[in-house]
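*Asks:* The structure under discussion is supplied below as structure tokens; questions concerning it will follow.
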Amino acid sequence: MPATVRPPVASTPPGRPTDSVSGGVLDVTLRMSQRAGLGRRPRGTAPTDTHTHVPGSVLRGALAGAWLRTYGPPQGAPPVRRAEFERLFEGGVRFGPLFDPHSAVVPLSVYRCKYRSTPACEFSHIDQAAPEGATVSGEPDRPRCPHCEDGPMVSGRGEVTFFSGRDAVVDITRTALTDEGRVVPHKLFTRRMLNHRVGDGHLRGETHRAEESPLRTLVGRIILPPDLPQTCVSWLRDQPHSVRIGGDRSTSGAAEITIEQPSSAPHHDPARLVRDGRLVLRLISPTLLLDAAGRPTTRPDEAWLGELLGVGTRVERSWVRRERLSGWNGLINLPKPEELAVSAGSVYRLALDALPDANALDRLYRHGVGVRRAEGFGRLELGAWSPPPIVRRPEAENRVTPPIGMARELYETGMGGWFLKYLRPCLDAKRAGRPVDTGFLELPAVEAVMRDERRARLIRALLAKPPRLLEETLLHLEARVRGVER
Ligand SMILES: [Zn+2]
């Protein structure tokens, strides 16, 4: 199916700032119109899991597929077209990962509140890699959230995390089919998929009907090499691309990609990013690092970093996780050999001999780290992490649940008496201004209740709010429990 062609966008005047230094940067927007199964290796017998972002390798594959549908296989194309394909997909173009703007890779160096029972908790974080954090002595192992009653904080795992309580994944269960397409009786399989609708019944309190809720968009960047022919840039930019992403492409994965000149180029301000001679480098895609002997390593080459930055560079501290990558080469339809990679979310804090200039920081950003960068590996961001800026908790979750509603919630767990027993000492503690011991919420008796994320959130919020709310809740709860006992 050929991509629909729209009139070319007004061309940008020559000498635009985004083309300075070394090639341009393009903004990518992918708008999903169907669910997508962006396969990742399942754990044990768990259903086939999905990525909740679009990895750079998937973006590259999707655009290469769109090119092939328009022009046919490059072997059969005129030499000029074939050269174009190679420059776009096998040359210096870097396809970055695309993320829902409500999500982010939470780095391994970042602590966040474990339970996030108050709206402020969502944004509270400590980045151990932040240069200002470096001066905090002792780097506490068990920091506590300042916004809820001493909630524990846990470090990021490099996973793509959705903020504002949004859930992006749906479980789709289908009947298994034989190779001939016949139904296998009593055999079901489940696969997890990235939902193309935002808040499709998964965000309680939002009452969108499925067909009314907005379509999910994911955004990211493509980085162009300085000598990329204008025809390649135009192909990327001057038309929307109809693509399919992920597995099971007959019934899922339809999306449209638009690529635009950004309104402003990413600017890396040395005064903002480098503090006390330290620069934070965060990986946002898996990265393949090799040592001098060509073996996998978890440390980027300091001499090479120094060359890109133009100043002496040392890896002062790192927060690293490794993973085994396996993949499928869609172009030749064969599995790729397994590789040992450094995971997205890994962080390096670099100590620099001198202040690099903005061009040097741009150079490192555009270059990325490690090998096979054309395939989407080794994309990075510079500077300490912060949560996604546009995130706002939905009103429904911001609202305080009135005591009578809260009492009903607790009563309906079937453990009203149990909660009365454990919540009374909490009220006493709150009235006396002592910290509340929430250890009882970890007891096995209440495990099933706390597994319901919404309920757990309400209960923790109740304990974080002023004592009056808890007091009234307990009065209503007691009335209900007694009413039944009599
Ligand atoms: Zn908290």
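*Asks:* Report the residue count in region 218-234 for those that are over 18 Å from P262 (Cβ atoms) and touching a helix residue (DSSP H, G or I) at 6+ places or on another chain (Cβ under 7 Å).
*Replies:* Within region 218-234, residues that are over 18 Å from P262 (Cβ atoms) and touching a helix residue (DSSP H, G or I) at 6+ places or on another chain (Cβ under 7 Å) number 2.
*Asks:* In this structure, does R60 turn out to be closer than 24 Å to V342 by Cβ, modelled with pLDDT of 85 or more and either assigned to a loop (DSSP other than H, G, I, E, B) or within 16 Å of the ligand (Cβ to nearest atom) (or both)?
*Replies:* no
*Asks:* Taking the residues in region 87-142 that are hydroxyl-bearing (S, T, Y) and within 15 Å of the ligand (Cβ to nearest atom) as candidates, determine which candidate is modelled with the highest pLDDT.
*Replies:* Out of the qualifying residues, it is Y111.
*Asks:* For T251, are the conditions met, namely being outside the structural domain of S57 (by TED's automatic domain parsing), surrounded by fewer than 20 Cβ atoms within 10 Å (Cβ to Cβ), part of a loop (DSSP other than H, G, I, E, B) and not aromatic (F, W, Y)?
*Replies:* So T251 fails the test.
*Asks:* So, one more: Please find, within region 193-216, the residue that is modelled with the highest pLDDT out of those that are among the hydrophobic types (A, V, I, L, M, F, W, C) and buried (at least 22 other Cβ atoms within 10 Å of the Cβ).
*Replies:* Among those that are among the hydrophobic types (A, V, I, L, M, F, W, C) and buried (at least 22 other Cβ atoms within 10 Å of the Cβ), it is L194.
*Asks:* Still on this structure, please answer the following. Only one of V219, V233, V243 is at pLDDT 90 or above, assigned by TED's automatic domain parsing to the domain that holds R94 and surrounded by fewer than 17 Cβ atoms within 10 Å (Cβ to Cβ). Can you tell me which?
*Replies:* Selected residue: V219, the only one of V219, V233, V243 that is at pLDDT 90 or above, assigned by TED's automatic domain parsing to the domain that holds R94 and surrounded by fewer than 17 Cβ atoms within 10 Å (Cβ to Cβ).
*Asks:* Of everything in region 458-481, what is among the charged types (D, E, K, R) and modelled with pLDDT under 85? Give them in sequence order.
*Replies:* The answer is K465, R468.
*Asks:* Looking at the structure I just gave you, is W304 modelled with pLDDT of 90 or more, closer than 21 Å to V342 by Cα and aromatic (F, W, Y)?
*Replies:* Taking the combined requirement at face value, the residue satisfies it.
*Asks:* For region 283-319, name all the residues that are over 18 Å from D353 (Cα atoms), surrounded by fewer than 17 Cβ atoms within 10 Å (Cβ to Cβ) and in contact with a Ser or Thr (Cβ under 6 Å, 6 or more places away or on another chain).
*Replies:* Within region 283-319, D291 is the sole residue that qualifies.
*Asks:* Restricting attention to region 453-461, does a residue exist that is outside any helix (DSSP H, G or I), under 17 Å from P152 (Cβ atoms) and β-branched (V, I, T)?
*Replies:* No, that holds for no residue.
The values are calculated or read from the model by the stated rules, or taken from the named source; none is laboratory data. This structure is a prediction, so every number in the text was calculated from the model and none was measured. Heads up, the Cβs are rebuilt from the backbone with ideal geometry, glycines too, and the neighbour counts pull from every protein chain shown.
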